[in-house]
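Novice: Handing you a structure now.
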Amino acid sequence: MSEMSFEQMLEESLKTIHNGEVVEGTVIDVKEDEIILNIGYKADGIITKSEYTNDSSVNLQDVVHVNDKMEAKVLKVNDGEGQVLLTYKRLAAEKGNKRLEEAFENHEVLKAPVAQVLDGGLSVVIDEARVFIPASLVSDTYERNLGKYAGQEIEFVISEFNPRRRRIIGDRKQLLVAKKAEMQKELFARIAVGDVVEGVIKNVTDFGAFIDLGGADGLLHISEMSWGRVENPKKVFKVGEKLSVLIKDISGDKIALSLKFPDQNPWLTAAEKYAAGNVVEGRVARMTDFGAFVELEPGVDALLHVSQISQDHVDKPSDVLSVGQIITAKVVDFNGEDKKISLSMKVLQKEAPAEAEEPVEE
């Protein structure tokens, strides 16, 4: 039996490899566009940048270093130049797919940063395996701008797993719905009519504002925004503003809110401030043919009848008064039970001459 040459002995000692095989190696060099591995074979293994990652911005020399241990999959035993062409990202993707399959079967909640914002949704990557989250499953409300999720770490579950058809679908919406349901349950368990709670304005409409109470929204109707009159809620309240609100009513899952706190009711002190005979100032709030309604303070209006505007005959209040005008009048009647106050400017005009005719003391 003839003796083997050193080269033959060395070749015999080296393992054989095949396409598709997973090999382990040690990094012996990292270049700008490729990684070189010693895989215990007669030729070194090469991982190009495109076979390491899909992220073109990655600098290989920052993430891989000499003497690192790596696993990779053989693409070609001979790439035409005597080297073994390897892939890291495809092996990672296979492992990622396995990871996603387990998460799908176990209904596991996954977390990953958004790798890409697409026209129809978001793309995230788990161990080099891509998951697509359709726009309809990104949130429990309509999202006009998906761009705000770029780079943001989000939680989701796998709702569909079919790697053969390249359909791995993520769902964030069901987590938000479940979380909101739990928060709603906790909220309704701790609140009651008459409570004062903190909330954040979520939306403002012509008829009121919706307040996020942390688990459910409450409606602050325009009629409950102030003891006075609010003409346009959008001029008074801004989305994102924090408010302390009174829970006025709870009916099923609907919550009615108010800013008319009982201890701030202006009618509590109105009897003293607006007793018959008191001279008061007010702002003309609105007018009718029979008189003008004067706001003495927010929540307290008084009627100035057309016959009480002047000693001279007045056909319509608008002939001598204007909305927003500040007037001085005398309270001629106060009815606290019905919350009605009557004013007169004519009485003051009658009294003025008498005061002027009083003799001046020398």
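The values are calculated or read from the model by the stated rules, or taken from the named source; none is laboratory data. Only a predicted model underlies this, so the values are computations on that prediction, with no experimental measurement involved. Cβ: placed from backbone, ideal geometry, glycine included. Neighbour counts: every protein chain shown. Note: areas computed on protein heavy atoms with side chains; ligands, DNA, RNA excluded. Shrake-Rupley method; radii C 1.70, N 1.55, O 1.52, S 1.80 Å.
Novice: Report D for the range 47-100 in µm² per second (integer): Stokes-Einstein, Kirkwood Rh on Cα pairs, 4 °C, 1.567 mPa s.
Specialist: Rounded, D is 106 µm²/s.
Novice: Let me ask something additional. Determine, for the range 230-362, the count of lysine pairs separated by eight or more sequence positions (or lying on different chains) whose alpha-carbon distance falls under 23 Å.
Specialist: 28
Novice: Ok, one more. What nm distance separates the two modelled labels at residue 32 and residue 123, each placed 7 Å from Cα along Cα→Cβ?
Specialist: In this crude spin-label approximation the distance works out to 2.6 nm.
Novice: Which residues among the range 258-292 fall inside the zone where the amide N is under 14 Å from a point 7 Å beyond the Cα of residue 305, along Cα→Cβ?
Specialist: 290-292, by backbone N distance to the label point.
Novice: How large is the Kirkwood hydrodynamic radius of the range 186-232, in angstrom, based on all distinct alpha carbon pairs?
Specialist: So the Kirkwood estimate lands at 11.7 Å.
Novice: Tell me, what is the FRET efficiency for residue 319 and residue 189 to the nearest 0.05, using R0 = 56 angstrom and their Cβ-Cβ distance as r?
Specialist: The formula returns an efficiency of 0.40 here.
Novice: Among the GluC sites (Glu not before Pro) within the range 59-117, which fall in a DSSP loop and have no more than 15 other Cβ atoms within 10 Å of their own Cβ?
Specialist: Hits after loop and neighbour filter: 81, 108.
Novice: Here's a follow-up. Given the options 263, 140, 217, state which has the largest fluctuation in a GNM of the chain using a 10 Å cut-off (strictly under) for Cα springs.
Specialist: Taking springs between Cα atoms under 10 Å, the residue moving most is 263.
Novice: Cross-link partners among aspartates and glutamates for residue 69, C-alpha distance below 16 Å, same-chain residues fewer than 8 apart left out?
Specialist: List returned: 24, 29, 34, 44.
Novice: Report the gain in length on full extension from residue 234 to residue 56: 0.36 nm times residue separation, minus Cα-Cα distance, nm rounded to one decimal.
Specialist: My answer for the length gained is 59.4 nm.
Novice: With an 8 Å Cα cut-off and a minimum separation of 6 or more residues, compute the relative contact order for the range 62-151 in percent.
Specialist: 19
Novice: Most mobile of 50, 258, 123 per a Gaussian network model of the chain (Cα springs, under 10 Å)?
Specialist: 50
Novice: Separate question: Sorted by packing (mean other beta-carbon atoms within 10 Å per residue), highest first, where do 142-151, 283-292 land?
Specialist: So the order, starting with the most tightly packed, is 283-292, 142-151.
Novice: Hey, for a label at residue 283 modelled as a point 7 Å past Cα toward Cβ, could you say which residues of the range 291-305 have their backbone N under 18 Å away?
Specialist: Correct set: 292-304.
Novice: So, one more: Quick one: Debye curve from the alpha-carbon atoms of the range 113-219 only, equal weights, vacuum; give me log10 I(q)/I(0) at q = 0.15, 0.16, 0.18, 0.23 Å⁻¹ to two decimals.
Specialist: Once normalised to I(0) and log-transformed, intensities are -0.75, -0.82, -0.93, -1.20.
Novice: With only alpha-carbon atoms counted, please give the Rg and Dmax of the range 160-217, in Å.
Specialist: 17.8, 58
Novice: Using Cα centres only, tell me the gap between the range 200-251 and the range 333-349 in whole Å.
Specialist: 33
Novice: Can you give the angle from 0 to 90° between the axis of helix 173-190 and the longest principal axis of the chain, with both taken from C-alpha atoms, to the nearest 10?
Specialist: Its long axis makes an angle of about 40 degrees.
Novice: Can you work out the FRET efficiency for the pair residue 43 and residue 109, with r the C-beta to C-beta distance and R0 = 41 Å, to the nearest 0.05?
Specialist: 0.40
Novice: Run a plain Debye calculation on the range 119-159 (Cα atoms as equal point scatterers, no solvent) and give log10 I(q)/I(0) at q = 0.16, 0.34 Å⁻¹, rounded to two decimals, same order as the q list.
Specialist: Log-scaled intensity ratios, in q order: -0.39, -1.55.
Novice: With each pseudo-label sitting 7 Å past Cα toward Cβ, what's the residue 254-residue 241 distance in nm, one decimal?
Specialist: Computed distance between label sites residue 254 and residue 241 equals 2.5 nm.
Novice: Mean-square fluctuation check for the chain, GNM, Cα pairs under 10 Å: which of 330, 173, 260 is largest?
Specialist: 330
Novice: Right, another one. Dipole of the chain (Lys/Arg Cβ +1, Asp/Glu Cβ -1, origin at the Cα centre): which of 114, 277, 236 lies farthest to the positive side?
Specialist: The listed residue farthest towards the positive side: 114.
Novice: Let me ask something additional. Residue 74: accessible area at probe 1.4 Å, nearest 10 Å²?
Specialist: The accessible area comes out at roughly 0 Å².
Novice: Between the helical axis of 89-106 and the dominant principal axis of the chain, each derived from Cα atoms, what acute angle in degrees is found, rounded to the nearest 10?
Specialist: Approximately 50 degrees, to the nearest 10.
Novice: Would you work out the charge dipole size for the range 112-212 about its Cα centre, treating the Cβ of every Lys and Arg as +1 and the Cβ of every Asp and Glu as -1, and quote it to the nearest 20 debye?
Specialist: Dipole about the Cα centre, nearest 20: 460 debye.
Novice: Something else: Enumerate the lysines that residue 42 could reach by cross-link, defined here as Cα to Cα under 16 Å, with residues fewer than 8 away along the same chain left out.
Specialist: Straight-line reach from residue 42, under 16 Å: 15, 76.
Novice: Taking the solvent-accessible surface of protein heavy atoms with a 1.4 Å probe, what is the per residue accessible area of the chain in Å²?
Specialist: 61
Novice: Something else: Divide, for the chain, the radius of gyration over alpha carbons by 2.2 N^0.38 Å, where N is the residue count.
Specialist: Here the answer is 1.92, to two decimals.
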